[in-house]
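Quick notes on the structure that follows.
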Amino acid sequence: MKKVIAIIALGITGFAANAQAPSSTATQTVNLNLSNAIELTFTGSGTATGAAVNLAFNTVNDYANGVTSSEQMLRVRSNRRFGVTVRTNNANFTYTGSVSPAPVMPVSGVLGLMVSANSTGGAIASPFSNTAYAGLTSAAQNLITNAANGGNQTFGVRYEAEPGFAYPAGTYTVDVVYTATQL
């Protein structure tokens, strides 16, 4: 009797091991609909508006030799290669002061820019360089060309102003506009 029970138990166990549980599968397609995206921000503010750069002319040597700014860092995030241009919003500085009529100071020949750092994977476009200042104008000029796509492509710039002795005291203002464009 014990043998019969053992054989029945082995038969049931063997049958259970060979039985397959019912199953079902389902398939779903997932599409990633990517759009081209690009963003240019100042790293100091995290926005598209950088802090004001104040170049103070306090001594005769400042007027004779010019004044330079600290480094201003910008970051581009882009899913495609890109280029960066630079221009001023006006051909002349806007004057705030007590002289009337207001003096006209042209940007060209007074305000220069140097690319002080470049981690974009792109090239610094002529006439700009990392060793000398080149003049800014109100016409867009290539600054960085053929930069690599990525989420943290940074570059730094410095400004130099050399107005000389031809202009009276006051505040002279111009906006510098950077534009990042996908290639």
- Residues being at pLDDT below 95 and not in a loop (DSSP other than H, G, I, E, B): count how many of those fall in segment 1-41. 17
- Filtering segment 120-130 for residues that are part of a loop (DSSP other than H, G, I, E, B), within 20 Å of Arg87 (Cβ to Cβ) and under 17 Å from the mean Cα position of the chain (by Cα) leaves a count of 3
- Query: Which pairs have Cβ atoms under 7 Å, sit 6 or more apart or on different chains, and link a residue in segment 53-72 that is on the phi > 0 side of the Ramachandran plot to one that is buried (at least 16 other Cβ atoms within 10 Å of the Cβ)?
  - Reply: Gly66/Glu160; Gly66/Ala161; Gly66/Glu162
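Results for (1) touching a helix residue (DSSP H, G or I) at 6+ places or on another chain (Cβ under 6 Å); (2) loosely packed, with under 12 Cβ neighbours inside 10 Å; (3) modelled with pLDDT of 95 or more, shown as yes or no for each residue.
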site	(1), (2), (3)
Ser70	no, yes, yes
Asn92	no, no, yes
Gly97	no, no, no
Ala102	no, no, no
Leu113	no, no, yes
Ser126	no, yes, yes
- In this structure, does Gly44 turn out to be surrounded by 11 or more Cβ atoms within 10 Å (Cβ to Cβ), modelled with pLDDT under 95 and not β-branched (Val, Ile, Thr)? yes
- Select from segment 143-173 the residues that are buried (at least 19 other Cβ atoms within 10 Å of the Cβ) and among the β-branched types (Val, Ile, Thr) and write down the one among them that is nearest to Val76 (Cα to Cα). Ile144
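Ser108 - would you say it is part of a loop (DSSP other than H, G, I, E, B), in contact with a Ser or Thr (Cβ under 9 Å, 6 or more places away or on another chain) and either in contact (Cβ under 8 Å) with a residue 60 or more places away in the chain or surrounded by fewer than 16 Cβ atoms within 10 Å (Cβ to Cβ) (or both)? Outline the logic, then answer.
Numbers: part of a loop (DSSP other than H, G, I, E, B): yes; in contact with a Ser or Thr (Cβ under 9 Å, 6 or more places away or on another chain): yes; either in contact (Cβ under 8 Å) with a residue 60 or more places away in the chain or surrounded by fewer than 16 Cβ atoms within 10 Å (Cβ to Cβ) (or both): yes.
The answer is yes for Ser108.
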- Sole residue being among the aromatic types (Phe, Trp, Tyr) and assigned to a strand (DSSP E or B), chosen from Tyr63, Tyr95: Tyr95
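Kindly indicate the residue of segment 131-183 that is among the β-branched types (Val, Ile, Thr) and in a loop (DSSP other than H, G, I, E, B) and also farthest from Thr120 (Cα to Cα) among those meeting that condition.
Kept after step one, since they are among the β-branched types (Val, Ile, Thr), are these residues of segment 131-183: 131, 137, 144-145, 154, 157, 171, 173-174, 176-177, 179, 181.
If we keep only those that are in a loop (DSSP other than H, G, I, E, B) too, we end up with 131, 137, 174.
On the way: Thr131: 17, Thr137: 23, Val174: 26 Å.
Once the filter is applied, the top-ranked residue is Val174.
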- Query: Taking into account only those residues within segment 129-142 that are within 21 Å of Phe93 (Cα to Cα) and of a type outside the set (Ser, Thr, Tyr), which is surrounded by the most Cβ atoms within 10 Å (Cβ to Cβ)?
  - Reply: Leu136
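Inspect segment 42-52 for any residue being assigned to a helix (DSSP H, G or I) and either among the acidic types (Asp, Glu) or out of contact with any Phe, Trp or Tyr (no Cβ under 7 Å at 6 or more places or on another chain) (or both) and give the result as yes or no.
Looking only at segment 42-52, we keep the residues that are assigned to a helix (DSSP H, G or I), and these are none.
No, segment 42-52 contains no residue that is assigned to a helix (DSSP H, G or I) and either among the acidic types (Asp, Glu) or out of contact with any Phe, Trp or Tyr (no Cβ under 7 Å at 6 or more places or on another chain) (or both).
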- Exactly one of (1) in contact with a strand residue (DSSP E or B) (Cβ under 7 Å, 6 or more places away or on another chain); (2) more than 20 Å from Thr43 (Cα to Cα) is unmet by Glu162. Its number? (1)
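The values are calculated or read from the model by the stated rules, or taken from the named source; none is laboratory data. Quick caveat, the model's predicted, so the values are computed rather than measured. Neighbour counts are summed over all protein chains in view; Cβ atoms, including those assigned to glycine, are modelled from backbone coordinates with ideal geometry.
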